[in-house]
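For reference, the structure discussed in these notes is given below.
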Amino acid sequence: MHQRAVVERVLKLSEGGLSPSAMAGQTGLPRSTLRDWVQGRLPSSYLEPWPAADLPDSYPYLLGMYLGDGCISRHPREVFRLRISLDAKYPGIIAECKQAIGEAVPGNRVWQGARASRYTDRPEKTCVDVGAYSKRWPQLFPQHGPGKKHERRIILTDWQWEAVSMHPQGALRGLIHSDGCRGINTGRNWRYPRYSFHNLSEDILAIFRAACELVGVHSTNAPGTVYVSRMADVAKLDQFIGPKS
């Protein structure tokens, strides 16, 4: 098992711009191991197990929000910042996300800031970032790592699956609030609501499908998107998700 200090040294070398090959020369560790670490696949000696029973009930919701719209960045003195980017037109989701963050790291200040979207030239502040600073984020979300989520593996730990199994409704609510929607599907002579969840990561799409199975909801697949379309299944999701607000 690798000591935590060794992992920390490697992550700091990576932040300084060294490649896995260069770090292998300095540390004597295999390049493949170093590549795994900088891509977020950290050893169990670095990631302390987190018993699901010690997590707040809102953790699966926050997990869903993180997987969709969240990121974790390293700051001085081993402090990390969780940031979740949200749409300003949904104040209810913003408030629920802030509450879940506060329950995950009680006693830490939860911050909020408005900004313009990075995907448009319009100056209006249509995005809201919420988050908090804590040393606990790497343990609470061991999926964090450099690079985009869809360019690396996103695998939940056993204790995360246990938490999701205990509260699958929260996980689905967080995933839909981040990268999903409840819309209207139409045809020539029909019109009915359906849920869709879009993500570029096949691993995150699989997590959404698994959570659907946990609540007994049938889903169908399209490239990059999972749909819940059957009337009874939509009604079941409406009991704990519903339209965004």
Original post:
Failed condition for residue 117, given (1) out of contact with any strand residue (DSSP E or B) (no Cβ under 6 Å at 6 or more places or on another chain); (2) over 25 Å from residue 241 (Cα atoms), with all others met?
Top reply: (1)
**OP:** Starting from segment 217-245, keep only residues that are on the phi > 0 side of the Ramachandran plot, then list their pairs with residues that are assigned to a loop (DSSP other than H, G, I, E, B) whose Cβ atoms are within a distance under 8 Å, requiring at least 6 positions of separation or different chains.
**Re:** 224/199; 224/200
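When the residues of segment 58-100 are filtered to those that are in a loop (DSSP other than H, G, I, E, B) and of a type in the set (Lys, Arg), which remaining residue is nearest to residue 134 (Cα to Cα)?
Of segment 58-100, the ones in a loop (DSSP other than H, G, I, E, B) are 58, 76-78, 88-90.
In the following step, the residues that additionally are of a type in the set (Lys, Arg) were identified as 77, 89.
Details: 77: 11, 89: 28 Å.
Step by step, filter segment 58-100, then rank; the result is 77.
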Original post:
For segment 68-98, how many residues meet the condition of being over 17 Å from residue 126 (Cβ atoms), of a type in the set (A, V, I, L, M, F, W, C) and surrounded by 15 or more Cβ atoms within 10 Å (Cβ to Cβ)?
Top reply: 4
Subject >> Single residue of 73, 85, 117 found to be at pLDDT 90 or above and out of contact with any helix residue (DSSP H, G or I) (no Cβ under 8 Å at 6 or more places or on another chain) >> reply: 73
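Please work out if residue 155 is farther than 14 Å from residue 68 by Cβ, in the same structural domain as residue 221 (by TED's automatic domain parsing), at pLDDT 90 or above and of a type outside the set (Ser, Thr, Tyr).
Numbers: farther than 14 Å from residue 68 by Cβ: yes; in the same structural domain as residue 221 (by TED's automatic domain parsing): no; at pLDDT 90 or above: yes; of a type outside the set (Ser, Thr, Tyr): yes.
No.
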Subject >> Test: residue in segment 160-178 that is in contact with a Ser or Thr (Cβ under 8 Å, 6 or more places away or on another chain) and within 26 Å of residue 11 (Cβ to Cβ) >> reply: no
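Within segment 110-140, which residues are of a type in the set (D, E, K, R) and under 20 Å from the mean Cα position of the chain (by Cα)? Working first, answer last.
Restricting attention to segment 110-140, the residues satisfying the condition of being of a type in the set (D, E, K, R) are 115, 118, 121-122, 124-125, 129, 135-136.
The answer is 118, 129, 135, 136.
Step by step: first the residues of segment 226-245, then only those that are among the small types (Gly, Ala, Ser) and in a helix (DSSP H, G or I), then the one that is nearest to the chain's Cα centre (by Cα). Which residue is that? Don't jump to the end; show me each part of the working.
Our first condition is that a residue be among the small types (Gly, Ala, Ser); within segment 226-245, this holds for 229, 232, 235, 242, 245.
Within this subset, residues satisfying the condition of being in a helix (DSSP H, G or I) are 232, 235.
On the way: 232: 28, 235: 25 Å.
Here the answer is 235.
Yes or no, residue by residue, for (1) modelled with pLDDT under 80; (2) over 20 Å from residue 135 (Cβ atoms); (3) outside the structural domain of residue 138 (by TED's automatic domain parsing):
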position	(1), (2), (3)
11	yes, no, yes
16	yes, yes, yes
19	no, yes, yes
29	no, yes, yes
34	no, yes, yes
47	yes, no, yes
Subject >> Subset of segment 228-245 [closer than 11 Å to residue 181 by Cα and aliphatic (A, V, I, L, M)] >> reply: 228, 241
Original post:
Which one of these does residue 103 not meet: (1) closer than 23 Å to residue 165 by Cβ; (2) modelled with pLDDT of 85 or more; (3) not in a helix (DSSP H, G or I)?
Top reply: (3)
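The values are calculated or read from the model by the stated rules, or taken from the named source; none is laboratory data. Just so it is clear, the structure is predicted and the values come from calculations on it, not from any experiment. Because the Cβ atoms are built from the backbone with ideal geometry, glycine has one as well, and the counts that use them run over all protein chains shown.
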